[in-house]
1. Output the helices (runs of 4 or more DSSP H) that fall wholly within segment A:259-362 and possess 2 or more residues being over 28 Å from B:Pro214 (Cβ atoms) and in contact (Cβ under 8 Å) with a residue 40 or more places away in the chain, or say none.
2. With respect to A:Ile132, is the statement that it is among the hydrophobic types (A, V, I, L, M, F, W, C) and at pLDDT below 90 true?
3. Is it the case, given these coordinates, that A:Phe398 is touching a Pro at 6+ places or on another chain (Cβ under 7 Å) and at pLDDT 90 or above?
4. Could you list, in sequence order, all residues of segment B:40-84 that are aliphatic (A, V, I, L, M), buried (at least 20 other Cβ atoms within 10 Å of the Cβ) and at pLDDT below 90?
5. Which ones in segment A:244-258 are within 14 Å of another protein chain (Cβ to nearest Cβ) and either in a strand (DSSP E or B) or not basic (Lys, Arg) (or both)?
6. Can you pull out the strands (runs of 3 or more DSSP E) entirely within segment B:1-56 that have at least 1 residues that are in contact with a His (Cβ under 8 Å, 6 or more places away or on another chain), more than 12 Å from every other protein chain (Cβ to nearest Cβ) and in contact (Cβ under 8 Å) with a residue 40 or more places away in the chain?
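The values are calculated or read from the model by the stated rules, or taken from the named source; none is laboratory data. Since we're looking at a predicted model, the values are computed, not measured. Positions of Cβ are generated from backbone atoms using ideal geometry, with glycine treated the same way; all protein chains shown enter the neighbour counts.
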Amino acid sequence: MQDLTVEVLSVKVDCVVMSRFAHTVITSTALNKANVSQEIFFEVDLPKTAFITNFSMEIDGQVYVGEVKEKEKAKKQYEKAVSSGQTAGLVKVSGRKMEKFSVSVNIAAKSNVTFVLTHEELLQRKLGQYEILTRVKPKQLVQEFQIVANIYEPQGIASVDAHATFLTNDLLPMVEKTVTEKKAHIAFSPTLDQQRKCPDCDGTLIDGDFVISYDVKRATSLGDIQIVNGYFVHYFAPPDLPRVPTNVVFVIDRSGSMSGNKMHQTRWAMKAILSDLKEDDHFAIVEFDHSIECWKETLIKATKDNVDKAIEYADLLRPRGGTDINSALLRGLKMLLEDKAEKRVPERSVDMIILLTDGMPSSGETNPTRIQENLAAANGGNTTLFSLGFGNDVDYGFLNVLSQKNNGLARRIFEASDAVLQLQGFYEEVSSPLLSEVDLRYPDNAVGFLTTNHFSQLFNGSEIVVAGRLLDNDLDNMLVEVVGQGFEENFQVQGQTSALDWGTIYPDDKYIFGDFTERLWAYLTIQQLLDKSNTVSQDEKENATAKALEMSLQYSFVTPLTSMVVTKPEIENKTDSPLIANKLTEEERQAAERAHPHFHTMSSRPFPSLTAHAPPSYFVDGD
Amino acid sequence: PHFILELPDSDDALCFNINDKPGTIFNLVKDTKSGILVNGQTIGDKQIPPDGKIYTYFWRFGIIHRNLGVRMEVSTKGISVIQDGNRIRLQWSNTTSLKGDNMDILVTKDRSLTVTLKDSVKFVILLHKVWEKHPYHRDYLGFYTLDTHLLSPSVHGMLGQFYHGLEYEVTNLRPGEVPEKPDATMYVKGHELNVTRGWQRDFRRDVKNGENVPCWFIHNNGTGLIDGDISDYIVSGLF
């Protein structure tokens, strides 16, 4: 908020999580204390995995509500304003995990404005935790400041932790945490004095991330199925499954553009990742620039000796020529397929390729579509490809489709000092498969409109979620079956599930969030349709996009296909342009970062620290 | 010849080429305090290759350690060591090891000479043997300093000036002429230089193929990186 002629009366973040589906309402009221009208800004950070579902402004008792419209139509409707850039950028990139929603509105003298923003998301289980992230930055002391989260998990809550980057020892006891068997309540509402940076100053301590992480109890191998109002959701993350050994080929880009930090970080990350391999894993390393170099001709067992040698080898990674992704991936895949055929790797094991690259193919086959087709055809759905795109210039879209066509996913690795941790963290997520070829089956005659129910892998610490609509509204129980391939034997469980009696589970709470299962189903369906539209034929793509658009409009989600349009009030006969909020795609986020890159510089330090492992070396030679 | 300065503190390397008339003798290391001097003489290809460029290489080094009374001449033909008036000749064709009070020498057949001079410096000279009937190329040598921390702060020379570190900053990374070789701006020794990301080869582990060392290439005979210009390093004799 601009200066002290504007007083922030309240900031409230109210988050309700019902079975992983988070519904967050952020409300802020401000007063224009000046004698003239002035612009008041409202800026909110929300997780990029969230969809905005509602936005409103209340000014002098009049409420202006945002309306979700088809993006293209909204664009046309407000073409003039959009083309002059007046409305652009309501949602911007904000760091790696968040995006920023910001609006401003002209407020008359001595008037109040209340902004309300609502967003929803399905929390994803990563490394055994769900995380609710709230970024707060009120910029001045706030009369009434409050973050409240109520977590309802009928499955039972195993652990809850709340912390914030700005919490000092004095403020720590201010976080109120009450956990019962199936409900957790977390609240943080510091007084004006507790918000102060120092006793006599107006600066606020409240500036940073407030993070709640929790996990649920997982008692049954079938998972947890909830039926509510004609929709069901199935959470599958069975306990106590042994890990399946992996056969992993690391395909590492050593092209010239990886030089400097990226290469250095790659070497460190490879050391860390290789050290994390389990003895029963098999692995291979394929380095590529315009030429392909395999460390060994086959995958080898991850014995300590082999890992040590691989670390030595990875330590010699040096950037050089062009980028032949096509040949490198095909070479890695061939190695995997041959080793499997020759039974050099265990029969019950999970095959994966981890590609680390920073750029577009510049050598060999350079047409992205053909590379995607080549690998998918050679792979035939047998091997999972995870692509790690390094830096701001990587073509994320290309890697994402390439991975999706091969059962995997792409992840951006941000070029920063923690890149090694990002790489290692990703590997941790995927390095412990518990099951492969997992199918979640429901009676055909009882359910329809299912979200994806086949998964190549289930990883330790993650969770599979399937939702669907009951065809028979009166149905309150059904037979569920899950099959997959485990470490030593096939995994197969069956069970009968029935609708929950919410009144019994939460007798003291009113019916807060009745349609969450339906909204969760819609959220998942839209996400999957958007993903699908990347990998299918033109006809199928059009169908998937149309369906995703229809559902985004029906459920009022701001997705990459829709926009939220808010018509601002007229103040003193001044007509403002409309406000249009769009959902950013990963490509748009990346483009924004490219336009405003973080400052990169490389510099050497003065020398006294010459006790480093590698001594300096000065030499002269000839080619 | 190509010069490489590997700087592990910044996990990076700088490189530059020196090109001059074949036969020129350059001073590489000069430490008057510890009495160490290393000079090297270049040689050109047998004839001018089709691209018209004259490539030069070091083929002969003269090394003096005044305080230890040691004088060595190392060429592609052989190695000669004079200590306290005694001359020893060593052949590249034999693996030989000599251990003295002040100096250790190890010749690895047709490959390298490692010299450790007590309390001062350790270096390796690599022999690059070229097919005798090669139309253009001849045998040449590489000079690698391994341990220099005992040299005095006043050590200088084409390589010696960097022995006690270098402060530089690289910024403004931008596309270069070749996609794999971006350009950047380097601030070093009070100069602002246009540098190019490239790589040069370190032959210590693999004398035949070498290993690529990515480095910031300083153009124009290392101008701006080296003190003065290359003429300041030209000397009249090997010793």
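1. On the way: elements: A:261-276, A:304-314, A:325-341.
Ranges flagged: A:325-341.
2. On the way: among the hydrophobic types (A, V, I, L, M, F, W, C): yes; at pLDDT below 90: no.
No, not satisfied.
3. Values: touching a Pro at 6+ places or on another chain (Cβ under 7 Å): yes; at pLDDT 90 or above: yes.
Spelling it out, A:Phe398 is indeed touching a Pro at 6+ places or on another chain (Cβ under 7 Å) and at pLDDT 90 or above.
4. B:Leu68, the sole residue that qualifies.
5. Step one: filter segment A:244-258 for residues within 14 Å of another protein chain (Cβ to nearest Cβ), giving A:253-258.
Once the filter is applied, which keeps residues that are within 14 Å of another protein chain (Cβ to nearest Cβ) and either in a strand (DSSP E or B) or not basic (Lys, Arg) (or both), segment A:244-258 yields A:Asp253, A:Ser255, A:Gly256, A:Ser257, A:Met258.
6. Working: elements: B:2-7, B:12-17, B:25-31, B:36-44.
Counting at least 1 such residues, we get B:25-31, B:36-44.
Listed here are the residues, each with its yes/no results for (1) surrounded by fewer than 16 Cβ atoms within 10 Å (Cβ to Cβ); (2) touching a strand residue (DSSP E or B) at 6+ places or on another chain (Cβ under 7 Å); (3) within 13 Å of A:Gly223 (Cα to Cα).
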{"residue": "A:Leu440", "(1), (2), (3)": "no, yes, yes"}
{"residue": "A:Leu471", "(1), (2), (3)": "yes, yes, no"}
{"residue": "A:Gly484", "(1), (2), (3)": "no, yes, no"}
{"residue": "A:Thr497", "(1), (2), (3)": "no, yes, yes"}
{"residue": "A:Leu500", "(1), (2), (3)": "no, yes, no"}
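Okay, residues lined up against (1) more than 27 Å from B:Lys46 (Cβ to Cβ); (2) surrounded by 14 or more Cβ atoms within 10 Å (Cβ to Cβ); (3) within 14 Å of chain A (Cβ to nearest Cβ); (4) among the β-branched types (Val, Ile, Thr):
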position	(1), (2), (3), (4)
B:Ser97	yes, no, no, no
B:Val107	no, yes, no, yes
B:Thr114	yes, yes, yes, yes
B:Asp119	yes, no, no, no
B:Ile125	no, yes, yes, yes
B:Thr148	yes, yes, yes, yes
B:Tyr163	yes, yes, yes, no
